[in-house]
Every structure is written in structure tokens, then in C-alpha cells.
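See structure below.
The values are calculated or read from the model by the stated rules, or taken from the named source; none is laboratory data. Please read all numbers here as calculations on a predicted model, not as lab measurements. So basically every Cβ, Gly included, is an ideal-geometry build from the backbone, and we count neighbours across all protein chains shown.
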Amino acid sequence: MFYENGKPKVADAKGESFNLSEVDKLIKSSNAELLASILQQLKNTSYSPSGANAREEEDFSKDTIEQLAKMMGEKREEGSQDIGKKIEIESNLEKDKETVDLLRSLD
Amino acid sequence: MSSEAKEKEEVKAKVLKPGVGVDVGTANIVVTRQYEDGSYEVKHHRNMLFKVEDAEDMDMLLANALSVKANGKTFVVGQDALSLVNALGGGELIRPMKDGLINPSVGEAEELLFHILQAVVGKPIKEGEKLRFSVPANPIDRPEENNFFHEHVLQEFFKSLGFESKGVNEAAAIVYSEGISMEDPEQGTFPLTGVGISWGAGMANAAAVLKGKPVAIISNTRCGDYIDQQVAKVTGKQTSQIIKIKERQLNLETVNESDRTLKALSIFYDEVLNRIGKGLIKAFVESGTKFDGPIVIMNAGGTSMPKGFTVRLKNVLDKLEMPFEVKEVSISKTPFYAVSRGACLAAQ
């Protein structure tokens, strides 16, 4: 069945945020060049794996996910998946009726 | 208008007429219904999926994405699939349809397509509501293929949802949508007469229609996807990148010759337009039909959406020997929705 996933876990539950090993697994599983480059860039600048800097690891994953979520969000805002949205199309009731009548006579 | 009359009008505007039109395209599925006030409700969806290898790992990326589970696998669906592949910079999009028909190389193609269709079409608003779905003509470039299986499978699927379903030629649906007519100097107006061409992703479909009846129908599997794939080959770019460039930058009237991708797109567009022009002429002549008045050639479909498309098509047709006078080469004001709108009118 179709479903919409909820809010990102990182937004409301720090304990469930991505850790680095999961992100690495994600890179391997998705073969994602762009994601890999974003992560590598962030690794080079902000990653510190232990102790007092553990919080940075949490922020790092949150940043990454937010960046990708934002990229997808921008695409969505373009309106290409407006399921159910009523789109205005110029209509001509009289002409449409003539078309319907002619097509009914052929059906 | 009194407030009571206004209220009545508003209520009327919200009432849907029975009859639903579905454009089942290789790249997009478009569903149209009409309200009693004449306005239309349109729903659309990219006909593509992206398989997620490990759903748990991808949970955060899937936030807000539309997804479907089938046979224990998770698929991101529609525009979100394309967005995700673009965002990730790689990955294979699964297309339940190929070249206008159900994709035989995707094992779950029928099931995945039905999931998407069910979500977009919904339930009938009355028992046995009429539904007309687009069906391509048999492709002239692949004489071994025909649309019988595709049409039968879709007809049965919509029937299982409770509709009275039937296929309608997708190019003829454009003629219905736009209500084009021919003025015969001696016999007056011929309604629903002219040429419709649907430029889709997997196929281009053309139909010459006389008083609502398709008299010559053809299709060619070389259309939008073919253009994307060929341009990707010669430029070394990914198909998803080509789609983006085609949709955002291409102008067929003034092509930037210094841009290799845009130039390649222009070359392959010419090839596709020529094939359809020649194919339609041959089928029309063989049909023995004659148009005694000048004809409107009405275009629609995602592949016809780049700027300058009609000018380019007119240039191509001018070089061919047309068997009828062309009054105008035009494009639907709603090129993305015309087929489903025509099917909707045929369903009423």
C-alpha cells in the first residue's frame, strides 16, 4: 500500500539519529556519488569520532539528511506530484457538449 | 447574483460528472475528470520507481517521499523517484512501461503499474462509471509488436476497480480534447476532424480523424526516451541529466549550437519529427481518405513541450509532400493533459 513517511527521526529524537556507520552503509547500498561527495566534504571539515565531539557526529548526519531532504523538497515544490490538486483548464461547456454528443453517437 | 444562486453555483461546481479519462503514458499517468461547471480536475504522476535496497537505512531520505511496498521490497514512486536519483547523482529508475506498452523486462511491471494507477485514479463515483484510457497504435517501427495484451490487461484492471473501461486512441483523444474541426468549402464544418499527434516518452502517436473517427493511426517508439538515450550516449551524460536539460533549457527555435547537449537534442528531435511525418503521410494515403478542407495539426505530450516545438515541426512538414492542406500546426494549451482530457470527454 502507499504511504507517506513521517517526519525525519533526527528532528525529534536525538537518540535515533544516524551514526557514521549507518551513513557509510547508506553510501554502499545506494551507490550514490553525490551523497558520497557531500559526506566526504563534511567528513573532512567536521567529523571527530569520539568523546566530547560525539555531538558533532550527530549534527553531521542531521546536516546531511537535511541537505538531501531539502533537495528533494525543492523538487516537490515545483508541483510535479500534485496528486489530487485541481488544475484549472480553460473549458468551453458548449463545445465540450458537442464533442461528447458526437462521440456518444460513435460509441 | 443572489447569495442563494451563488451558493447553488458553488455546489454545482463541486459536483463531478461521471466519466474519467486516463492517459497511461510511459513516463506519466494523467487522470482527468470534469465538474458540472465545465472545469476539470487533473491528477498526474510520474510513471517510474526507484528500488530502495535497505528501507531502514533510507528512512530519513524517504521522509515525505511517496513510496510503495511490493513483494517485500520498497520503491520510491513517481516524481520522488526521479528527484531522489537526481539528488543522489545516480541509480536506476524502474519504468513499469516501456515504449508505450507494459515493460516485459520488469517482472513486477503490471503490479507496480497497477499500484500507481489505483492511487491516481481512485474509485468510480458510481457503479459502472465509464473510464476511457489511452491506447497507442501499433508501432510502425516494430511490426512484430502489437498493443492487444497491453489494452486487455488495462481494461481488465480498470474493470476490477469497478469501471466500465475501454481504450481510446491517444492521438485521437487530442482531437477530441481540442475540438478541432475542418471547414469544407462545399459541405461546411466537419467537427472533430483533423490530425492529433501525441509526443510521449515511449512513443509518438499520430491520428488523422474524420468526424470523430480515427481513419489513419500510427505510432513510432522513437520519441522522448529515445531522444534522451541517444543524447546521453553521444554526450556521456546520464539520462536523468538529459531530461532535466531538455525540460528546462531546450528551445527548438533558437538552438545554442555551442552547447553539445542542446545541439544533440535538436538533431534527434528532427529525426523523430521526420519519422512521424512520413509515417502519417503513408498511413493516410493508404486509408484512401481525403480531406477537402485545410487541416489543423494539433500536438500534445511532454516531448512537445520545449519552446519552439511547433515551428520546428512545421519546418519538417513543409519539406514533406503532405496529402492535405495544412491550415495550422498548433499545440494544445494544456499539452500535458490533452490526452486524458480527450479521454474524459469520450467517457461521458
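Give me the helices (runs of 4 or more DSSP H) completely within the range B:87-187, filtered to those with at least 3 residues that are modelled with pLDDT under 95, ordered by residue number.
B:109-121, B:148-160
For residue B:118, all conditions in the list (1) surrounded by fewer than 19 Cβ atoms within 10 Å (Cβ to Cβ); (2) over 26 Å from residue B:68 (Cβ atoms); (3) within 14 Å of another protein chain (Cβ to nearest Cβ); (4) touching a residue at least 12 places away in the same chain (Cβ under 8 Å) hold save one; what is the number of the exception?
(2)
Only residues in the range B:275-290 that are of a type in the set (Asp, Glu) count as the first member; pair them with residues that are outside any loop (DSSP other than H, G, I, E, B), Cβ under 8 angstrom, at least 6 apart or cross-chain, and list the lot.
What qualifies is B:286/B:216.
Those residues that are among the aromatic types (Phe, Trp, Tyr) and farther than 29 Å from residue B:123 by Cβ, I need them from the range B:164-213; list them, please.
Selection gives B:190, B:199.
Output the number of residues of the range B:187-209 satisfying the condition of being touching a Leu at 6+ places or on another chain (Cβ under 8 Å) and more than 11 Å from residue B:297 (Cα to Cα).
Residues flagged as touching a Leu at 6+ places or on another chain (Cβ under 8 Å) and more than 11 Å from residue B:297 (Cα to Cα) within the range B:187-209 amount to 4.
When residue B:206 is evaluated against the numbered criteria (1) touching a residue at least 60 places away in the same chain (Cβ under 8 Å); (2) over 21 Å from residue B:29 (Cβ atoms); (3) within 14 Å of another protein chain (Cβ to nearest Cβ); (4) of a type outside the set (Val, Ile, Thr), which criterion, by number, is the only one it fails?
It is condition (3) that residue B:206 fails.
Report yes if some residue within the range B:94-103 is in contact with a helix residue (DSSP H, G or I) (Cβ under 8 Å, 6 or more places away or on another chain) and within 14 Å of chain A (Cβ to nearest Cβ); otherwise report no.
Checking the range B:94-103: not a single residue is in contact with a helix residue (DSSP H, G or I) (Cβ under 8 Å, 6 or more places away or on another chain) and within 14 Å of chain A (Cβ to nearest Cβ).
What number goes with the only condition from (1) at pLDDT 85 or above; (2) on the phi < 0 side of the Ramachandran plot that residue B:38 does not pass?
For residue B:38, the failing item is (2).
Go through the range B:65-81 residue by residue and tally those that are more than 8 Å from chain A (Cβ to nearest Cβ) and outside any strand (DSSP E or B).
3
I'm trying to understand the selection: among the residues of the range B:65-88, which are among the polar types (S, T, N, Q) and either in contact with a strand residue (DSSP E or B) (Cβ under 6 Å, 6 or more places away or on another chain) or closer than 21 Å to residue B:240 by Cα (or both)?
B:67, B:74, B:79, B:83, B:86 - these are the residues of the range B:65-88 that are among the polar types (S, T, N, Q) and either in contact with a strand residue (DSSP E or B) (Cβ under 6 Å, 6 or more places away or on another chain) or closer than 21 Å to residue B:240 by Cα (or both).
Determine the pairs where a residue that is under 19 Å from residue B:175 (Cα atoms), located within the range B:316-332, has a partner that is part of a loop (DSSP other than H, G, I, E, B) with Cβ atoms under 6 Å apart, the partner being 6 or more residues away or on another chain.
Here the result reads B:324/B:291; B:325/B:294; B:327/B:294, each pair linking the range B:316-332 to a residue that is part of a loop (DSSP other than H, G, I, E, B).
If residue B:303 meets every condition in (1) out of contact with any helix residue (DSSP H, G or I) (no Cβ under 6 Å at 6 or more places or on another chain); (2) crowded, with 18+ Cβ neighbours inside 10 Å; (3) of a type in the set (Ser, Thr, Tyr) apart from one, which number is that one?
Residue B:303 satisfies all of (1) out of contact with any helix residue (DSSP H, G or I) (no Cβ under 6 Å at 6 or more places or on another chain); (2) crowded, with 18+ Cβ neighbours inside 10 Å; (3) of a type in the set (Ser, Thr, Tyr) except (1).
Restricting the search to the range B:149-194, which residues are touching a residue at least 12 places away in the same chain (Cβ under 8 Å) and of a type in the set (Val, Ile, Thr)?
B:153, B:168, B:174, B:175, B:180, B:193
Just checking, how many residues over the range B:139-148 are under 19 Å from the mean Cα position of the chain (by Cα) and free of Cβ contacts under 8 Å to residues at least 60 places away in the same chain?
3
Would you be able to tell me the number of residues in the range B:314-348 that are surrounded by 23 or more Cβ atoms within 10 Å (Cβ to Cβ), not basic (Lys, Arg) and not in a loop (DSSP other than H, G, I, E, B)?
Residues that pass the stated criteria total 8.
Got a number for residues in the range B:206-220 being β-branched (Val, Ile, Thr) and over 18 Å from residue B:272 (Cα atoms)?
Final tally of qualifying residues: 2.
Determine which member of the set B:242, B:218, B:174 is in contact with an Asp or Glu (Cβ under 6 Å, 6 or more places away or on another chain) and buried (at least 18 other Cβ atoms within 10 Å of the Cβ).
The match here is B:242.
Provide a single number: the residues in the range B:294-313 that are under 19 Å from residue B:177 (Cα atoms), assigned to a strand (DSSP E or B) and not β-branched (Val, Ile, Thr).
The qualifying residues number 3.
Does residue B:302 satisfy the condition of being within 14 Å of chain A (Cβ to nearest Cβ), out of contact with any His (no Cβ under 8 Å at 6 or more places or on another chain) and closer than 30 Å to residue B:89 by Cβ?
When the stated conditions are applied, residue B:302 passes them.
Out of everything in the range B:38-50 that is facing chain A (nearest Cβ under 8 Å) and of a type outside the set (S, T, N, Q), what residue ends up being nearest to residue A:91 (Cα to Cα)?
B:38
Condition check: under 20 Å from the mean Cα position of the chain (by Cα), among the small types (Gly, Ala, Ser) and at pLDDT 95 or above. Does residue B:207 satisfy that?
Criteria met by residue B:207.
Which members of the range B:207-226 meet the condition of being of a type in the set (A, V, I, L, M, F, W, C) and not in a strand (DSSP E or B)?
B:223
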